[in-house]
Amino acid sequence: MYLTREEERILSGYEGEAKALAIKTLVKVGEALGAERLIPIKHAHVSGISYGTIGEHGLALLEELVEKGARVEVPTTVNPIGFDSEEPSLMSRIGVRLDDEFVKGQMRIVKALRAMGAQTTLTCTPYYLPDTRFLKPGDSVSWGESSAILYGNSVIGIRTNREGGPLALMSAIVGKTYYWGLHIDENRKPTTGFKVDHNEPLDEVMAGLLGKLVAERYAGVRPPYVKVALRDELAVKEMLAAVGAAGSLAMIYLDGITGPSIDIVKLERFETIDWRELASLYEEHKPSEKPDVVFLGCPHSRAEDLARLAKLLEGKPEPKSKIVITLSRSEYRRFRESYPEYLGVLKEKAVIVRDTCLIVSPFGRDDSGLTVVTNSYKAYFYLSKRGLKVGLSTIEDMIPLLYM
Ligand code: F3S
């Protein structure tokens with residue numbers, strides 16, 4: 001790999017041991033992939049920081065980096081952890097028992113990332129944070145967290161490969177990544193397309209199921225073009241999260257969102273997805289029994305989603321199922337400020353947890369008999385793997401389920 005004089009200096013340790021280690025890792029991975037050079041990035045998002053996943057080894061590496069003087073060179077955000085960092089006891093309201101070792105280990109991880117200069121709002125939707133509004137289409141970043149990566153590439157037009165958490169951190173420390181994959185114009189152009197033969201915009205559940213189908217059917221590396229009408233921002237977000245959960249894609253070219261329409265017959269391959277296939281998948285995934293928990297917030301909710309739910313719950317009696325909402329501290333603040341009239345309703349009827357989600361927390365690990373209803377295919381995918389009974393439903397259709 002070609003390195004500039006400055007990069008050679010970093011590699012030789014003139015800017016400290018931590019930065020040398022970070023650039024060495026980037027160069028090694030870049031060379032293995034065939035990248036010719038490094039490029040600057042504007043932002044990094046670090047995922048995979050749950051103590052439950054990286055354990056003592058991961059924590060030791062982070063603390064060692066801090067000791068060696070690691071500092072992030074670009075604005076850096078961080079994915080959710082296993083509990084609400086300011087109110088860990090809230091987790092007991094959703095049946096999650098946290099042991100002391102887990103809490104202490106997790107907080108040491110957050111402390112280490114903060115010491116490196118990362119902004120620790122702890123969310124998988126960094127694209128909703130005011131801190132990322134400066135990013136413009138075409139900017140290269142280094143992001144972990146598949147749902148955010150897909151949103152970044154496909155909606156905002158920023159450029160990132162599907163980085164693992166440690167690599168995004170190494171990029172943050174150097175302020176660079178390898179010029180490869182989706183950082184290159186040519187690799188962002190679709191050669192295959194999918195078209196849904198239906199004109200009604202898809203809701204968030206249908207959109208998620210479409211994301212699953214596309215991810216399972218498409219084996220290529222380039223982003224596939226998808227021509228479909230999606231009902232709203234929530235549907236877009238859920239579709240992209242489903243694509244990330246069900247496969248290895250890092251981007252899809254969404255008609256009218258990622259860019260202008262493409263003449264589908266000019267693509268090398270295209271496929272029409274039969275509406276009836278999606279409708280029967282919807283039936284298969286519908287909840288079949290009374291839910292113990294109704295979960296909203298994978299990926300983390302926006303203030304508008306909370307307002308939508310609160311409006312539907314207003315004036316209704318106490319729900320018979322537990323409602324759990326997960327979101328970032330920053331969106332929660334926005335909800336409080338923008339929709340003060342709904343705060344009381346949700347506080348009374350739901351458990352609102354920040355910094356975490358049901359999947360990164362140990363939710364349901366001791367109680368595989370739990371029944372969960374969610375509007376997120378990604379949550380369905382991971383909670384089912386945990387042995388829970390999961391059904392899919394839109395926010396609107398969740399309401400009658402709460403009183404079964
Ligand atoms: Fe986010 Fe947790 Fe879903 S980290 S994307 S809410 S699995």
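The values are calculated or read from the model by the stated rules, or taken from the named source; none is laboratory data. What you are looking at is a predicted structure, and each value in this text was computed from that prediction instead of being measured. Here the Cβ is made from the backbone with ideal geometry for all residues, glycine too, and neighbour counts use every protein chain on show. Please note that ligands, DNA and RNA were not included when accessible areas were found on the heavy atoms of the full protein model with its side chains. Shrake-Rupley method; radii C 1.70, N 1.55, O 1.52, S 1.80 Å.
Take the Cβ-Cβ distance between Thr4 and Asp263 as r, set R0 to 41 Å, and report the resulting FRET efficiency rounded to the nearest 0.05.
For R0 = 41 Å, the calculated efficiency reads 0.50.
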Evaluate the distance, in nm, between pseudo-label points positioned 7 Å from the Cα of Asp274 and of Thr191 along their respective Cα→Cβ axes. 2.9 nm
Cα point-scatterer Debye curve for segment 7-47, base-10 log of I(q)/I(0) at q = 0.24, 0.33, 0.34 Å⁻¹: -0.92, -1.08, -1.08
Search the structure for amide H atoms under 5 Å from the amide H of Gly391, placed 1.01 Å from N in the peptide plane, and list their residues when 5 or more places away or on another chain. Val372, Val373, Thr374
Reported to the nearest 10 Å², Arg93 has, with a 1.4 Å probe, an accessible area equal to 120 Å²
Rule-of-thumb check for segment 272-312: C-alpha Rg over 2.2 N^0.38 Å? 1.59
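Over segment 140-196, calculate the relative contact order: mean separation of alpha carbon pairs under 8 Å at least 6 apart, over the residue count, as a percent.
RCO, segment 140-196: 33 percent.
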Checking the table Lys237/Lys286; Lys227/Lys286; Lys195/Lys378; Lys322/Lys347; Lys322/Lys349; Lys212/Lys378 against a 18 Å threshold on Cα-Cα, which pairs fail? Lys237/Lys286; Lys227/Lys286; Lys195/Lys378
Apply 1/(1 + (r/R0)^6) to the Cβ-Cβ distance of Glu86 and Thr53, taking R0 = 30 Å, and write down the FRET efficiency to the nearest 0.05. 0.90
Out of residues 5 or more away from Gly193 or on other chains, whose amide H comes under 5 Å of its own, with H placed 1.01 Å from N in the peptide plane? Tyr225, Arg269, Phe270, Glu271
Which one of Tyr339, Ile325, Gly364 is farthest out on the positive end of the charge dipole of segment 318-373, using unit charges on Cβ (Lys, Arg +1; Asp, Glu -1) and the Cα centre as origin? Tyr339
Just want to confirm a number: the relative contact order over the chain, from Cα pairs under 8 angstrom separated by 6+ residues, in percent. 18 percent
Could you state, as a whole-number percent, how many of the C-alpha pairs of the chain are farther apart than 42 Å? 13 percent
Each residue of segment 349-362 in order: what ³J(HN,Hα) in whole Hz does its phi give by Karplus 6.51 cos²θ - 1.76 cosθ + 1.60, θ = phi - 60°, with x for Gly and Pro? 10, 9, 9, 9, 10, 9, 6, 9, 7, 5, 7, 7, 8, x
Spatial separation of Cα centroids for segment 1-77 and segment 329-400, in angstrom: 34 Å
Zone residues, segment 230-274, relative to Glu284, backbone N less than 15 Å from point 7 Å out along Cα-to-Cβ: 246, 274
Ratio Rg/Rh [Cα only; Rh per Kirkwood] for segment 215-358: 1.04
Run the Debye formula on the Cα coordinates of segment 35-124, all scatterers equal and no solvent, and tell me log10 I(q)/I(0) at q = 0.10, 0.24 1/Å. -0.29, -1.25
Just how much of Glu283 is accessible, in Å², when a 1.4 Å probe is used and the result is rounded to the nearest 10? 110 Å²
Cβ charges +1 (Lys, Arg) and -1 (Asp, Glu), total dipole of the chain, debye: 340 debye
If you bin the C-alpha pair distances of segment 112-201 every 5 Å from 0, what whole percents do you get? 2, 12, 20, 24, 17, 10, 7, 3, 2, 1, 0
Taking 0.36 nm per residue of separation between Ser384 and Ala229 and subtracting their Cα-Cα distance, the length gained on full extension comes to 53.0 nm
Take Glu348 and Ile399, extend 7 Å from each Cα along the Cα→Cβ direction, and tell me the distance between the two endpoints in nm. 1.6 nm
Could you go through segment 318-324 in sequence order and give the Karplus-derived ³J(HN,Hα) for each residue, using 6.51 cos²θ - 1.76 cosθ + 1.60 with θ = phi - 60°, rounded to whole Hz, and x for Gly and Pro? 4, x, 7, 9, 7, 9, 10
Run a plain Debye calculation on segment 48-202 (Cα atoms as equal point scatterers, no solvent) and give log10 I(q)/I(0) at q = 0.11, 0.14, 0.19 Å⁻¹, rounded to two decimals, same order as the q list. -0.52, -0.78, -1.18
If ligands, DNA and RNA are left out, what is the accessible area of Tyr377 with a 1.4 Å probe, given in Å² to the nearest 10? 10 Å²
Glu341 and Lys28 label points (each 7 Å along its Cα→Cβ direction) are spaced in nm at 5.8 nm
Report, by chain and number, residues whose modeled amide H sits under 5 Å from the one on Arg159, excluding near sequence neighbours (fewer than 5 apart, same chain). Gly138, Asp139, Ser140, Val141
Most mobile of Phe83, Phe295, Phe102 per a Gaussian network model of the chain (Cα springs, under 10 Å)? Phe102
